[in-house]
Amino acid sequence: MIVWINGATGAAVRAVAREVCDVLADSTLFDPRDLVARLPVPPPEGSDPLDLPLWRRLFVETAAALLDEVGGVLVVPLPLYAQERRDHLFGRLASRAIAVHHVRIEADETILHAWAEPVRTETVRVEAAQGDHLVTTATRTRPTTVNGTAAPAPARTTAYASALADWLTADAHPLPADPHGPRPTAEALARLLASGALPACPIVQTAEPTAETLAAGVLLFDETGRFLLVDPTYKSGWEFPGGVVERGEAPSLAGLREVQEETGVRLRAGLHLLVVDWEPPIPPGFGGMRLLFDGGRLPDAAHASLVLPGPELRDWRFVTEEEAAKLLPPVRYARLRWALRARRTGTIAYLERGTPLTD
């Protein structure tokens, strides 16, 4: 399992994590900052390493390998404020059947300052040319960071406050920081874990594919022409209701089954195919065929009966095409645009990489 320690500052979560590893038997500290320092290509200036596909792959692979080799509890101290990052990382871990126990350290500014890590410094020599020689004119010290792009404290505080107001409060178990220091805070965390009061994040464990997959999505419309999107907990970006077609299952029946499982709505009419899209393999994914069906208009009474499975989906909404552009990843939005066009013209669109072979 993984105990993921979140909080307002990296110093606070790392201080608690170090003590947790002393308190918990059979635990290992895994500081993701170490992976940043070892990236063969440094992140672009001003970017966050957590958004790099390479870092995300390395993190999941390394965490899984550590748990395979040493077992026990992997303690991960990493502030996580963007829900998209949480969904991607936790979803990839869940696909490997790795349980994540998410906790956030609640502390006021006084405690955070007391727990602050000492600033690492490096001495820089300032030299000037004097004739044919270089002469040292002064020396100065400057703080160092892991990748030179650490955000200032106010920016981190604002991001943390925004996450608390949006999603983090409901997702991570609160752990008040003990005024006496990280050690008693870590002991409180260990007691929570031992008592079962710190449950694993309720996220669906969808096994990672080992080959190309066939998936069926369904467009469901309201009386104004808007269509339904759902927000998965296990991957970034919104999605159409639907999922992977099981072995021996007809794609249209898979679409009907997924709609009922994900929304509680049982469609009585058949589905009409709108789009066939080939998605290329992009490691670590395998790609495959993606079908998008027209599920017709949902009656107004059905809106009230929409029920989402908590571990898999957190939200739903009816949106316009313009609103969908802000919610869907580019490849899904391209698929949507051609599906709506096919629906208007009564045709079926064949796409590869979200683009038709002929217009």
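Put one equal scatterer on each alpha carbon of region 213-359, apply the Debye formula with no solvent term, and list log10 I(q)/I(0) at q = 0.18, 0.21, 0.22 1/Å to two decimals. Log10 I(q)/I(0), no solvent term: -1.09, -1.55, -1.72. Net charge in the neighbourhood of P176 (other residues with Cβ under 12 Å of its Cβ; Lys, Arg +1, Asp, Glu -1) is -2. For L52, no residue 5 or more places off, or on another chain, has a built amide H under 5 Å of its own. Close amide H partners of R297, meaning residues 5 or more places away or on another chain with modelled amide H under 5 Å apart, are F221. Loop-resident trypsin sites (Lys or Arg not before Pro) (DSSP state other than H, G, I, E or B) in region 20-72 with no more than 13 further Cβ atoms inside 10 Å of their Cβ: R38.
Multiply the residue gap between L29 and E106 by 0.36 nm, knock off their C-alpha separation, and tell me the result in nm, one decimal place. Write out the running numbers ahead of the final one.
Working: separation 77, 0.36 × 77 = 27.72 nm, distance 2.07 nm.
Full extension from L29 to E106 adds 25.7 nm.
Accessible surface area normalised per residue over region 254-359 is 55 Å², counting heavy atoms of protein chains with a 1.4 Å rolling probe.
Please tell me the relative contact order of region 294-359 in percent, rounded to the nearest whole number, where contacts are Cα pairs under 8 Å and at least six residues apart. About 21 percent, as a whole number. To the nearest 0.05, what FRET efficiency results for F286 and R317 with a Förster distance of 41 Å applied to their C-beta separation? So, using R0 = 41 Å, E works out to roughly 0.85.
Percent of alpha carbon pairs in region 180-262 separated by more than 21 Å? That fraction is 52 percent.
Looking at region 248-345, which GluC sites (Glu not before Pro) are DSSP coil and have at most 14 other C-beta atoms within 10 Å of their C-beta?
Here the sparse-neighbourhood loop sites are E249.
Charge tally for E69 (other residues, Cβ to Cβ under 15 Å; Lys, Arg +1; Asp, Glu -1): -2. Using the Cβ of T213 as centre and a radius below 10 Å, the other residues enclosed give a net charge of -1, where K and R count +1 and D and E count -1. Maximal additional length on extending the A170-V276 stretch stands at 34.4 nm, based on 0.36 nm per residue less the C-alpha distance.
For region 328-359, trypsin sites (Lys or Arg not before Pro) meeting the loop criterion (DSSP other than H, G, I, E, B) and having at most 15 other Cβ atoms within 10 Å: R353. Pairwise alpha-carbon distances in region 151-297 exceed 17 Å for 73% of all pairs.
The values are calculated or read from the model by the stated rules, or taken from the named source; none is laboratory data. The model shown is predicted, which means the values in this text are computed figures rather than measured ones. Ideal geometry is used to build each Cβ from the backbone, glycine not excepted, and the neighbour counts take in all protein chains shown. Just so you know, the surface numbers come from the protein's heavy atoms only, side chains and all, with ligands and any DNA or RNA stripped out. Shrake-Rupley method; radii C 1.70, N 1.55, O 1.52, S 1.80 Å.
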